[in-house]
Amino acid sequence: MSAGRAIPGLGKHLPYAERMETAPTPWRERVRYVIFEHDTPAAKAFDVVLLLVISFSVVLVMFESVEEYSERYETQLLVLEWIVTILFTIEYIARLVTVERPKRYARSFFGVVDLLAILPVYLSYFIPGAQTLLVIRSLRLLRVFRVFKMAHWLSEANYLIRAIRSSSRKIAVFLIVVVLLNVIVGSTMYLIEGPEHGFDSMFRGVYWSIVTMSTVGFGDIAPSTAPGQVLAAMLMIVGYSVIAVPTGIVSAEVATRSQRERSCKGCGSAVHSSTARFCDACGFSLG
């Protein structure tokens, strides 16, 4: 085999930097790699600049909500908003043009978020106030997990989500009981206090019951009679105990799941059936 002859199929297995040296790469591939990948200096620089611009745009939207700044710097804020929007629009079009499957990207989570990050500005010409939805741009900061190699953190979030999902039935039953209790107590308070003390309907009584049980206590309505105050005191005590119930349910599920998903000492696998005594992958004892 001659030294100058290429080996078929070898190029696609080389790292990107080596492929760039061995063969010319189309501009679409170059742009796509900078936008979607994170292992070259250009790609990392693009990601960092993008995150900074996203953060700046979110702060900009927050400043626009302050009446003093929005009136004093209306023109400057508008110009900056359009500059950021045009940059995001160019970026979104570049992603659609360079990605291999544009429709799949457009329907993905980040594709939808990227579109929603620019759409409100254009809609504001037809729907006044639509630009306030630009706070959705903050969701674009989730890319920080991929940019700074923190994707393994997401596994911890998935672990918590699975625990909550497993205990969802228990939590649902608990919430149903809480709702029924609030309806009963709120209706009873309406009968005890009546409209003359602010409880002009059962809905107002249920509202008071929910606010009191959650220990928020806005103070906009309160019982004035002795029986009403006794019922309120009992409801407050119940509220303290109710707060701890969902936490206990999820904590118990997390503890159970951590024991069930313990890693195998033989192969390191953490995926086993709920009653497994031996590793499903290698047969090593889990005891």
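The values are calculated or read from the model by the stated rules, or taken from the named source; none is laboratory data. These numbers were taken from a predicted model, which means no experiment stands behind them. All Cβ positions, glycine included, derive from the backbone under ideal geometry; neighbour counts span all protein chains shown.
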Run down Phe126, Phe88, Phe109 and say which single residue is hydrophobic (A, V, I, L, M, F, W, C), assigned by TED's automatic domain parsing to the domain that holds Leu141, out of contact with any helix residue (DSSP H, G or I) (no Cβ under 8 Å at 6 or more places or on another chain) and closer than 19 Å to Leu139 by Cα.
Phe109
Collect the residues in the range 54-72 that are surrounded by 15 or more Cβ atoms within 10 Å (Cβ to Cβ) and in contact with an Asp or Glu (Cβ under 9 Å, 6 or more places away or on another chain), keeping them in residue-number order.
Ser57, Leu60, Val61, Glu64
Single residue of the range 32-72 satisfying the filter (of a type in the set (Ser, Thr, Tyr) and in contact with a Leu (Cβ under 9 Å, 6 or more places away or on another chain)) that is modelled with the lowest pLDDT:
Ser70
Looking at Val211, Val179, which is the one that is surrounded by 14 or more Cβ atoms within 10 Å (Cβ to Cβ), in the same structural domain as Ala163 (by TED's automatic domain parsing), out of contact with any helix residue (DSSP H, G or I) (no Cβ under 8 Å at 6 or more places or on another chain) and assigned to a helix (DSSP H, G or I)?
Val211
Which residue, of Phe218, Phe203, Phe284, is at pLDDT 70 or above and either within 30 Å of Arg162 (Cα to Cα) or among the acidic types (Asp, Glu) (or both)?
Phe284
When you look at Ala244, is it at pLDDT 70 or above, closer than 23 Å to Arg169 by Cα and surrounded by fewer than 14 Cβ atoms within 10 Å (Cβ to Cβ), yes or no?
yes
